[in-house]
Amino acid sequence: MMQKIPETANVIPSDFVIIGGTGHLSIRKILPALFWRFLDKQIDNKSTIILCDKNINSWDDFLITLKNYCSDAFFKKVDNDKVWDDFTSILKPIQLDIKNGNGHLELLNTLKEKFDTNRPIIFYLAIASNLFADSCKFLRDCSLNVSQSRIVIEKPIGKDKLTAIEINDQISEVFKETQVYRIDHYLGKETVQNLMALRFANTFFENQWDNKNIDNVQITVSETDGVKDRISYYNQYGAIRDMLQNHLLQLICLVAMEPPSFYEADQMRDEKLRVLKALKPLTKDEIQTGQYRSFTDELGNSSNTETFVALKVMINNWRWAGVPFYIRTGKKLSTKASEIIITFKKKPHDIFSKFTKDAQDNPNRLIIRVQPEEGLKLKLTSKAPGPGGMRFFPSELNLSFGDTFSDRLPDAYERLLMDVVRGNQTLFMRSDEVLAAWDYIDPIVSISKEQEPQLYRTGTMGPEDKILSIDGHKWIDPKD
Ligand code: BG6
């Protein structure tokens, strides 16, 4: 039966200042997310969205391109152009060069009347991380680091622990930790939060959630796209730093963390940090890298950058000792899907052994589908109906969020941006979490540099497995 999603509460009027406002991230993710929030009336024309960029050539052309990126909203919800005109009326372009300060007066004049109110002023640094320090300095020099200022930054925060420390230090010279929102957009995904609800709003699974009951965990984040126009960035970062250091480690944390006392920012982050600190350092047999065949042609150069990585992650604590977490992510694979699969241990004794073996040997599995077609499936063994004796078949309990809830599920950026306005840091990474993630990842990067990534064909699930087979396991591929 369809459930209506409860109304979302409005947020207070705010000023969003997007530095890099006409760039890739802003036009593809941030502005469409704000448009959807505007459509749902969660923000209105009392808010402003200031787009700062070094060169803003034609505003009209920019708006046409932006409208294309908002096309799903037009397809699903907007039936006239008035709402688009209303939305674009709260956008304001400012030509600004953070390095030499050109344009700062216009920004100051636009914001200064807001200083005496308690409206949040949100500075979103939608630019490369090597510009974070200059941006913070610029904001301080213009006295824009006022008490209601918040700063939003995106991963990757640094290229390794050392550069991450530098970035954290530069930011903390200007902003307090309570003003810093480090986005990992996977934390804003609906099913990722549902994992918290599944574990901590129910008793059923949490009682099974340990090494006595769980045999292994698999996490797959597979993409069909290649690296497209981000090749030069990607060639420096690769799958380990682009995806594993952040999105996949965060998923591991949410599956493995202990229940906090309250769903509250620092308690959640303390528990995630404990998981990161308990990760066992990897050996070279527990890491496999790959590269899709056309990568070097796209780059125009030879390169050892991995576009695929698989790992066997072990967590050194009482709950998880002995349970492998098999993790993989890659580009140009056969399916775009993110899934967490929890495989439970086999039953200790088989009372049906004299009957057909049919499906009864299949272990129970919980499949948490992060995207697309978000939902949960529990794989069970059932008796085939009819008087034919005890025959078994695999069956499943299926909770598809799309079928259960009538409205669209908002994109991760919509939720995260509204949380920044509300001042809720629960779904954002704290600086010590980022550093602990690098502590685990830096040695993996070093080991991977000693390996040649195995080439794989586009449209496959990456190179042939070398990790799970040693343990007698196989990857379970997500369905299209
Ligand atoms: C980004 C990575 O953080 O996440 C990209 O930089 C990747 O390389 C993207 O494609 C995947 O996000 P999603 O939401 O499409 O799974």
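The values are calculated or read from the model by the stated rules, or taken from the named source; none is laboratory data. All values reported here derive from a predicted model rather than from experimental measurement. Note: ideal-geometry Cβ built from the backbone for every residue, glycine included; neighbour counts use all protein chains shown.
Structure summary
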read-out	value
Top-ranked residue in the stretch 85-132 [being closer than 20 Å to residue 149 by Cα and among the small types (Gly, Ala, Ser); ranked as surrounded by the fewest Cβ atoms within 10 Å (Cβ to Cβ)]	101
Evaluation of residue 238 against (1) touching a strand residue (DSSP E or B) at 6+ places or on another chain (Cβ under 7 Å); (2) closer than 30 Å to residue 473 by Cα (one fails), failing number	(1)
Qualifying residue in the stretch 225-245 (condition: under 18 Å from the mean Cα position of the chain (by Cα), assigned by TED's automatic domain parsing to the domain that holds residue 319 and among the acidic types (Asp, Glu))	yes
Check on residue 387, farther than 30 Å from residue 14 by Cβ, away from the ligand (no atom under 16 Å from the Cβ) and surrounded by fewer than 20 Cβ atoms within 10 Å (Cβ to Cβ)	yes
Meets criteria (closer than 17 Å to residue 439 by Cα and within 16 Å of the ligand (Cβ to nearest atom)) for residue 274	no
Conditions (1) basic (Lys, Arg); (2) surrounded by 14 or more Cβ atoms within 10 Å (Cβ to Cβ); (3) in contact (Cβ under 8 Å) with a residue 24 or more places away in the chain: number failed by residue 67	(3)
Pairs, first closer than 13 Å to residue 373 by Cα in the stretch 332-345, second within 11 Å of the ligand (Cβ to nearest atom) and not in a strand (DSSP E or B), C-beta under 6 Å, six or more apart	336/223; 336/224
Count of the stretch 208-224 residues which are more than 13 Å from residue 321 (Cα to Cα) and away from the ligand (no atom under 16 Å from the Cβ)	2
Selection within the stretch 418-463 - farther than 19 Å from residue 159 by Cβ, of a type in the set (A, V, I, L, M, F, W, C) and in contact with a helix residue (DSSP H, G or I) (Cβ under 6 Å, 6 or more places away or on another chain)	427
